[in-house]
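Data first, discussion second: the structure below is written as structure tokens.
The values are calculated or read from the model by the stated rules, or taken from the named source; none is laboratory data. Note that the structure is predicted; figures quoted are calculated from it, not measured. Using ideal geometry, Cβ is built from the backbone for each residue, glycine included, and neighbour counts are taken over all protein chains shown. Remember, those area values only see protein heavy atoms, side chains included, never the ligands or the DNA or RNA. Shrake-Rupley method; radii C 1.70, N 1.55, O 1.52, S 1.80 Å.
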Amino acid sequence: MTRSYAKDSEQLKNLTAEQYRVTQKEGTERAFDNEYWDNHEPGLYVDVVTGQPLFSSLDKFESHSGWPSFTRPVDSTSVVQKRDFSHLMVRTEVRSSGGDSHLGHLFKDGPKDQGGLRYCMNSAALRFVPVDRLEAEGYGEYRAQFHTTTQSDNTQSDSAQSDSAQSDTASTPDEGAQ
């Protein structure tokens, strides 16, 4: 079953003034003064208007820009790009494909080893769904990607701790060998 993410007037009534300004009037919130620029929790970022899944915390990185930045969307069809000629410059605007919400802009100064793109998003255009709420909020199909990463990280951490413990044991002198 494919879920529809088209916006309607009822959804717009639920937005704060800032969310409406950013998503519907192509606004930009202040850097370092927004909800998710420094969020490091695992989870999914969805369109604040429609709930369409847009970005994963697994693709979020510290860009030092003051806005949440991602290397890619969760699905290439979840966002659309448009040329933006505002502010006397040419930029690439990023909008949600379902609700046509203004999200932010795309720049080519992201991590080179991850494709070199930086999706610089406005927190006001996003709603964060923590991993432990994915199923309850209807995003259960995204849970596996976090579980695999978490399990892999834990396995590596356990292995490192085990190696460290063995190393400590091996380097400890025998009692009475003085």
- Message: Restricting to Cα atoms and excluding each atom paired with itself, what does the Kirkwood estimate give for the stretch 1-94 in Å?
- Response: 14.8
- Message: Taking all protein chains in place and a 1.4 Å probe, what share, in percent, of the accessible surface of the stretch 1-147 do carbon and sulfur account for?
- Response: 50
- Message: I'd like to check one number: the per residue accessible area of the stretch 1-135, probe 1.4 Å, reported in Å² as a whole number.
- Response: 54
- Query: For K60, which lysines qualify as cross-link partners when the Cα separation must be under 21 Å and same-chain residues fewer than eight apart are set aside?
  - Reply: K108, K112
- Task: Can you grab the distance from the C-alpha centre of the stretch 79-111 to the C-alpha centre of the stretch 3-55, Å, no decimals?
- Result: 14
- Task: Estimate the FRET efficiency between E135 and E35 by the formula 1/(1 + (r/R0)^6), using the beta-carbon distance for r and 25 Å for R0, to the nearest 0.05.
- Result: 0.60
- For the stretch 1-80, give the magnitude of the charge dipole about the Cα centre (Cβ charges: +1 Lys/Arg, -1 Asp/Glu; no others), in debye to the nearest 20. 260
- Task: May I ask you to list the trypsin sites (Lys or Arg not before Pro) in the stretch 13-79 that are in a DSSP loop and have at most 14 other Cβ atoms within 10 Å of their Cβ?
- Result: K25, R30
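How high is the relative contact order of the stretch 1-136, in percent, with contacts defined as C-alpha pairs under 8 Å that are six or more residues apart?
28
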- Query: Going by a ≥ b ≥ c, the root eigenvalues of the Cα gyration tensor, does the stretch 1-159 fall in the rounded group (a/c under 1.5), the prolate group (a/b larger than b/c) or the oblate group?
  - Reply: oblate
